[in-house]
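The values are calculated or read from the model by the stated rules, or taken from the named source; none is laboratory data. Quantities reported herein were computed from a predicted structural model and do not represent experimental measurements. Ideal geometry is used to build each Cβ from the backbone, glycine not excepted, and the neighbour counts take in all protein chains shown.
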Amino acid sequence: MAELVFFYGTLMTPFNRTGRLRVDEHLVSRGRGTMNAALFDLGIYPAAVPASEGKVWGEVYEMTHPAIVLQALDEIEGFRAEEPESSLYTRNLTPVTLEDGRTVAAWAYFYNAPLGRAQRIESGDYLEHLKVR
């Protein structure tokens with residue numbers, strides 16, 4: 001079974017982040033998909049939180065070297081497996097629906113801090129919200 005990861009924010013392709021570029025050689029695009037969550041705009045990046053009433057759009061990638069990719073992403077997202085409750089984001093295996101209707105399990109990072117007055121992105125699509133595509 002392929003190990004997949006789901007990006008819904010600034011790790012998506014249009015942003016060209018340095019952290020993402022470090023692991024790009026270990027990622028193979030599998031297209032776009034959605035996960036059940038609510039998406040919020042925190043200003044410099046978005047935050048997804050689990051929610052049954054919302055869908056968040058993003059990119060799905062197969063990881064050719066999952067340990068390398070997840071270690072780098074954990075660092076970028078502020079996730080510490082030994083202290084998940086105090087991590088900025090938590091990493092969870094979550095169902096993602098691909099554009100062809102299939103559902104797969106992919107790693108996704110969920111925001112784990114107070115949202116404050118963050119605006120909800122009703123479309124669930126960060127790229128559309130920023131008018132990037």
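Tabulated data for the structure shown
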quantity	calculated
Filter result (in contact with a strand residue (DSSP E or B) (Cβ under 7 Å, 6 or more places away or on another chain), among the polar types (S, T, N, Q) and at pLDDT below 95) within segment 18-52	Ser52
Residue in segment 70-79 that is in contact (Cβ under 8 Å) with a residue 12 or more places away in the chain, on the phi < 0 side of the Ramachandran plot and more than 15 Å from the chain's Cα centre (by Cα) present	no
Conditions (1) farther than 18 Å from Gly124 by Cα; (2) part of a loop (DSSP other than H, G, I, E, B); (3) not basic (Lys, Arg): number failed by Leu21	(2)
Selected residue (criterion: nearest to Val5 (Cα to Cα)) from residues of segment 77-99 that are in contact with a strand residue (DSSP E or B) (Cβ under 9 Å, 6 or more places away or on another chain) and outside any strand (DSSP E or B)	Glu77
Segment 87-105, subset surrounded by 16 or more Cβ atoms within 10 Å (Cβ to Cβ) and of a type in the set (A, V, I, L, M), residue farthest from Val56 (Cα to Cα)	Val104
Some residue of segment 63-78 being surrounded by fewer than 13 Cβ atoms within 10 Å (Cβ to Cβ) and under 17 Å from Tyr111 (Cα atoms)	yes
Lone unmet requirement of (1) of a type in the set (Val, Ile, Thr); (2) touching a helix residue (DSSP H, G or I) at 6+ places or on another chain (Cβ under 7 Å); (3) touching a residue at least 40 places away in the same chain (Cβ under 8 Å) for Thr97	(2)
All positions within segment 24-59 that are closer than 15 Å to Tyr126 by Cα and either assigned to a helix (DSSP H, G or I) or of a type outside the set (A, V, I, L, M, F, W, C) (or both)	Arg32, Gly33, Thr34, Asn36, Asp41, Gly43, Tyr45, Pro46, Gly54, Lys55, Gly58, Glu59
Identity of the residue in segment 2-18, of a type in the set (Phe, Trp, Tyr) and part of a strand (DSSP E or B), that ends up surrounded by the most Cβ atoms within 10 Å (Cβ to Cβ)	Phe6
